[in-house]
Amino acid sequence: MGIRKNQASLTSAERAAFVAAVKTLKATGVYDTFVAQHRAAFMASPNDPAHNGPAFLPWHREYLRRFERALESIDSSVSLPYWDWTVDNSSASSLWGVGFMGGDGDGAGGRVTTGPFAYATGTWPLTVLDPGETDPFLTRAFGAMGALPTPPAVDRALDVVPYDAAPWNFESSGNTSFRRRLEVSIHNPGHMWVGGSMMAMSSPNDPVFWLHHCNIDRLWAQWQHDHPEEAYLPPSGTPGVVAGHALDDPMPPWAGEPMPPTPRSVLDHHALGYQYDDEPQPRSAGT
Ligand SMILES: [Cu+2]
């Protein structure tokens, strides 16, 4: 079982291996197909299969696991790390070192000029852009759009039940929908704090996207563990639910596959082949 570690605990060799695998996927064009899938999901709004609905968490769990498998195909030692922004909440974090994600953007344009994903390296041109965007370089603007989630905010979010609530979209209340609370109050601030490219529909252009969403997935797994009696909602056949968001709906853009993923098929993350470094051992481990 792959172990997803806190990025702060990675050795420099592990950081380098992650960066190298990511850059190999970029060079082969695979990386940009992932960026395009994310942008296409947003652009399908109001039928977005990935955001503003119950499948926000399942869709990104499937999406991250597929990306992680692509990384594993390059280097079997690589797993997705997670960024715990309740702790690593400033530009001084090792996350932003020149051997890992690189630093904040520079000046008014916000161009990232340090680290492996700086435009000048010649290895990280952005080719999948939002409509109207033309800058081919990664941009960031740390803290310009607000603060990162605090430990109390995360704790309060983890207490919210049930999983989701009518009307099963952006109008669901964060007080009665764990999914909506996590999506809006915890996930959105991560994108906004990094700023620049992370604000776009093409936000996976910034590799920190994967570390941010990995932490969101970790919090969902934690919530599932804390609330074993709370089922995924809604069940299939619930009126008014966008396709892909009910329990047994095939999730676009993978719906045409012979065994398409559904929210149900990703509920048990251990069955997908990974666990987090800080979670209780799965029962199947026999401990
Ligand atoms: Cu997303």
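Read the figures in this text as sums done on the coordinates, not as results from a lab. Values in this document were obtained by computation on a predicted structure and should not be read as measured data. Positions of Cβ are generated from backbone atoms using ideal geometry, with glycine treated the same way; all protein chains shown enter the neighbour counts.
Kindly provide the set of residues from the range 156-190 that are within 12 Å of the ligand (Cβ to nearest atom), closer than 15 Å to ASP48 by Cβ and not polar (S, T, N, Q), ordered by number. Once the filter is applied, which keeps residues that are within 12 Å of the ligand (Cβ to nearest atom), closer than 15 Å to ASP48 by Cβ and not polar (S, T, N, Q), the range 156-190 yields GLU183, HIS187.
Selection of the range 15-53 for residues being of a type in the set (A, V, I, L, M, F, W, C), more than 17 Å from TRP124 (Cα to Cα) and surrounded by 19 or more Cβ atoms within 10 Å (Cβ to Cβ) yields ALA41, ALA50. Identification of helices (runs of 4 or more DSSP H) wholly contained in the range 9-98 with 3 or more residues that are in contact (Cβ under 8 Å) with a residue 40 or more places away in the chain and away from the ligand (no atom under 16 Å from the Cβ) yields 12-28, 56-74.
State yes or no: is ASP104 among the charged types (D, E, K, R) and either out of contact with any helix residue (DSSP H, G or I) (no Cβ under 7 Å at 6 or more places or on another chain) or under 25 Å from ALA153 (Cβ atoms) (or both)? Here the answer is yes, as ASP104 does meet what is asked.
Does VAL128 count as part of a loop (DSSP other than H, G, I, E, B) and under 25 Å from GLN222 (Cα atoms)? Criteria not met by VAL128.
The residue list LEU25, LEU57, LEU95 contains one member that is closer than 30 Å to ALA246 by Cα and under 18 Å from the mean Cα position of the chain (by Cα), which is LEU57.
Collect the residues in the range 228-264 that are free of Cβ contacts under 8 Å to residues at least 60 places away in the same chain and either among the aromatic types (Phe, Trp, Tyr) or outside any loop (DSSP other than H, G, I, E, B) (or both), keeping them in residue-number order.
Once the filter is applied, which keeps residues that are free of Cβ contacts under 8 Å to residues at least 60 places away in the same chain and either among the aromatic types (Phe, Trp, Tyr) or outside any loop (DSSP other than H, G, I, E, B) (or both), the range 228-264 yields only ARG264.
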